[in-house]
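Heads up, the thing below is written out as structure tokens.
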Amino acid sequence: MGTRPDALANLSTRASRFRAATLLVAGIIGIVIVVAALQRLTSERIARNERLWLIARLETLIPPALRDNDMYDDRIRARSRDLLGTDSSWVYRARKQGAPAAAIIASVAPDGYGGAIDLLVAVDYDGLVLGVQVLKHRETPGIGDGFEPRRSSWLQSFKQRTLDNPEASRWTIRKDGGDFDQFTGASVTPRAIIKAVRRTLEYYRANRETIFNAAAQP
Amino acid sequence: MPLPSPNRNAATLLALSPLLAVSDSVINALGFGLVALLVTVVASIPTSINLNRYNEYGRIAVIVLTVAGVVTSAMLLAHAWFYELYRAIGAYLPLLIGGGLLLSRGAIHAQHTYWLLFALIGIRSGLWFIVALVILGAARELIGHGSLLIGVSSLPGSPPAWLEQTFFTADFGFVLAILPPGAFIAMGLLFAVRNWHRTKNA
């Protein structure tokens, strides 16, 4: 600390430039060490935060009466780019007294207005939709985000639906001749989500036995 | 990180430009502003200690490295210990590095580098930063969403949820206010008010 204006005048000498460069390199190494140490110290707590957040989401999707297992740990990988929108996603299984009760499938709607929309689709054993949640999206605020729970109950309109209710041709927005509302001013976003939910249901129907019989991959 | 020129507050406001994304609601703005204040103060201390060993170019390097290190550390800490806040503003925290560099332009030419002075100026800059961000955030949230303080319960300390007020439904709001062009318009209006105030008192 202190006021040393003549220190600046000395900085043109070769020795002081060398000293400055050395100090800079030492500083870089120091910063890297500090940040790396901090990253090590916090990684466990960060992983725990992410896990707890996801578990809370899973538990709101499936009523407690239907399950008595730990859904987060009882999960398997799902690989189906066509139906789930991504090469690698997870299916979380809910069981009651050992018997399959419901499943939550993480899927992706790749054709949202702002890009991919990450979804969780919960279905009971027979393929009835128990709920849909959006985990991450980049839709236009105020226009494309009409599905958000704080804005409307649009996502609730998926509840109790199946692949046959409504029939396949009515699984789209009203404007296209379907049964689902769209939110004001947006059609790309609801179309993308509806298509993704339907494809997820198709995936579930095609793979139900595999889903519940495969060993957990925590 | 001192700014000896009389345009101190103008430069503070300009440093906001990369950060307009976070000013779309009061809570985002406030949370981000608090982190920015912390970063400013913490970064000013090693900066002041190191500065007089370097010429201008070296100083730029020192400032960038210090701010980058402090912001990265702040991100890790927020991700671990203030998870709700991190979910709201975490994606925008790296922008603080650019903002910090803009704010510390004066430090590059400073002759005196007493650490306490730097820290105090850092606190002052940080507080003005928060004020400007929160004004923007309140205006944009009110006009765009029709609400105020939505999300207040996610701040550390868990303020009660009844502080969240909604004045009209989101459909009625003026959507432009919460989109990026609206952010720049709002900032322009803020500048205009400030300039008007200045010329009035000149």
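Among all lysine pairs in the protein assembly as shown that are eight or more places apart or on different chains, how many have alpha carbons less than 29 angstrom apart?
Going through the protein assembly as shown pair by pair, I get 7.
Which order results if A:F183, B:F191 are arranged by neighbouring Cβ count within 10 Å, fewest first?
Neighbour counts put them in this order, fewest first: B:F191, A:F183.
Taking amide H positions as modeled 1.01 Å from N, with prolines and chain starts lacking one, the residues under 5 Å from A:V108 and 5 or more places away or on another chain are A:G85, A:T86, A:L119. Computed from point charges on the beta carbon alone (+1 for Lys and Arg, -1 for Asp and Glu), the dipole magnitude for the protein assembly as shown about its Cα centre is near 1260 Debye. Pairwise inverse Cα distances across chain A, averaged and inverted, put the Kirkwood hydrodynamic radius at 20.5 Å. Annotation: peptides A:145-153, A:120-128, B:84-92, ranked by per-residue average of other Cβ atoms within 10 Å with the highest first, follow the order A:120-128, B:84-92, A:145-153. Where the centre of each part is set by its Cα atoms, how far does region A:67-144 sit from region A:192-210, in angstrom? Result: 9 Å between the Cα centres.
Which one, A:R138, A:R17, A:R51, has the greatest fluctuation when you compute a Gaussian network model over chain A with C-alpha springs under 10 angstrom? Greatest mean-square fluctuation among the candidates belongs to A:R17.
Put simply, when B:56-66, A:166-176, B:137-147 are sorted by average Cβ atoms within 10 angstrom per residue, most first, you get B:137-147, B:56-66, A:166-176.
Placing +1 on the Cβ of every Lys and Arg and -1 on the Cβ of every Asp and Glu, with nothing else charged, gives region A:11-55 a dipole about its Cα centre of roughly 180 debye. For B:H145, the amide hydrogen comes within under 5 Å of no other amide hydrogen, counting only partners 5 or more places away or on other chains and with H modelled in the peptide plane.
Using each residue's phi in region B:182-193, evaluate 6.51 cos²θ - 1.76 cosθ + 1.60 at θ = phi - 60° and report the 3J(HN,Hα) Karplus result to the nearest Hz, with x for Gly and Pro. Karplus-based 3J(HN,Hα) across region B:182-193 equals x, 4, 5, 4, 4, 5, x, 5, 4, 4, 4, 4 Hz. If you run the Gaussian network model on chain A, springs between alpha carbon atoms under 10 Å, then out of A:E59, A:E202, A:E50 the most flexible one is A:E50. Once you've got the GNM for chain A with C-alpha springs shorter than 10 Å, pick whichever of A:I105, A:I55, A:I46 has the biggest mean-square fluctuation. Of A:I105, A:I55, A:I46, the most mobile in the Gaussian network model is A:I46.
Ordered by the count of other Cβ atoms within 10 Å of each Cβ, fewest first, A:S107, B:S44 give A:S107, B:S44. Converting phi to 3J(HN,Hα) with the Karplus coefficients 6.51, -1.76 and 1.60 and the offset θ = phi - 60°, region A:57-69 yields 5, 4, 6, 6, 6, 10, x, x, 5, 8, 9, 9, 10 Hz in sequence order, with x at every glycine or proline.
Each reported figure results from applying straightforward, stated rules to the coordinates on display, with no laboratory input. Values in this document were obtained by computation on a predicted structure and should not be read as measured data. Positions of Cβ are generated from backbone atoms using ideal geometry, with glycine treated the same way; all protein chains shown enter the neighbour counts.
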